[in-house]
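Since the structure comes first, as structure tokens, the remarks are kept for the end.
The values are calculated or read from the model by the stated rules, or taken from the named source; none is laboratory data. Being a predicted model, the structure only gives us computed values, none of them experimental. So basically every Cβ, Gly included, is an ideal-geometry build from the backbone, and we count neighbours across all protein chains shown. The area values use the complete protein model at the heavy-atom level, side chains included, leaving out ligands, DNA and RNA. Shrake-Rupley method; radii C 1.70, N 1.55, O 1.52, S 1.80 Å.
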Amino acid sequence: VGTTFSVQLPLATKLQAVTPTALEPSPLRDVAESPRLRILCIEDNLTNLRLISRIVALRPGVELLPATQGRVGLDLARQHLPDLILLDQHLPDMMGDEILRTLLADPRTRDLPVVILSADAGPGQIRRLLDIGARAYLTKPLDVAKLLALIDQTPPRTDPAPGP
């Protein structure tokens with residue numbers, strides 16, 4: 001009570017934006033000719049999940065499977081065998097490294113590429129998860145262009161994955 005706060009922000013001189021080419025459909029994937037790409041996103045923060053959903057929507061032919069808990073994500077990974085898994089490190093029921101180890105220990109899911117998404121950007125944390133077997137580590141806030149590039153570089157699985 002009785003405290004006054006003020007915030008002064010510098011005036012931006014120019015807007016920084018994602019390059020338009022990053023937001024265009026990928027030349028690497030022709031939707032009419034290639035199989036559908038399926039991404040499993042295990043993320044408990046609904047705002048982050050909505051953001052990832054909007055980013056993925058920039059790529060036609062890409063399906064997003066959301067999971068807000070680790071155990072549900074593991075079940076979806078085993079059921080759908082996605083082409084890519086985006087995994088938050090801090091979930092309410094399990095830690096991301098535990099989920100990663102579980103995926104790697106299962107013969108059905110050990111070859112699925114897993115990308116860690118986390119605000120925990122310490123070099124030791126990143127190295128530890130990459131050493132365990134994560135394909136990549138993207139820090140939050142997410143770099144949209146990096147995530148789109150990662151999606152564009154992900155080939156669809158050649159073995160038939162079960163459908164929904």
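Here is how the numbers come out for the structure above:
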quantity: Selection within the range 45-69 - closer than 19 Å to Lys140 by Cβ, assigned to a strand (DSSP E or B) and of a type outside the set (A, V, I, L, M, F, W, C); calculated: Pro66
quantity: Among residues of the range 85-117, those that are farther than 16 Å from Leu40 by Cα and either in a loop (DSSP other than H, G, I, E, B) or touching an Asp or Glu at 6+ places or on another chain (Cβ under 7 Å) (or both), counted; calculated: 5
quantity: From the options Asp111, Asp131, residue that is within 19 Å of Leu65 (Cα to Cα), modelled with pLDDT of 95 or more and either open to solvent by 40 Å² or more (accessible area, probe 1.4 Å) or hydroxyl-bearing (Ser, Thr, Tyr) (or both); calculated: Asp111
quantity: Flag if Ile99 is of a type in the set (Val, Ile, Thr), open to solvent by less than 10 Å² (accessible area, probe 1.4 Å), at pLDDT 95 or above and within 12 Å of the chain's Cα centre (by Cα); calculated: no
quantity: Members of the range 65-78 that are in contact with a Ser or Thr (Cβ under 9 Å, 6 or more places away or on another chain) and open to solvent by 40 Å² or more (accessible area, probe 1.4 Å); calculated: Pro66, Arg78
quantity: Breaking point among (1) β-branched (Val, Ile, Thr); (2) within 25 Å of Asp152 (Cβ to Cβ); (3) part of a helix (DSSP H, G or I), for Val72; calculated: (2)
quantity: Selected residue [surrounded by 14 or more Cβ atoms within 10 Å (Cβ to Cβ), at pLDDT below 95 and aliphatic (A, V, I, L, M)] from Leu86, Leu147, Leu142, Leu81; calculated: Leu142
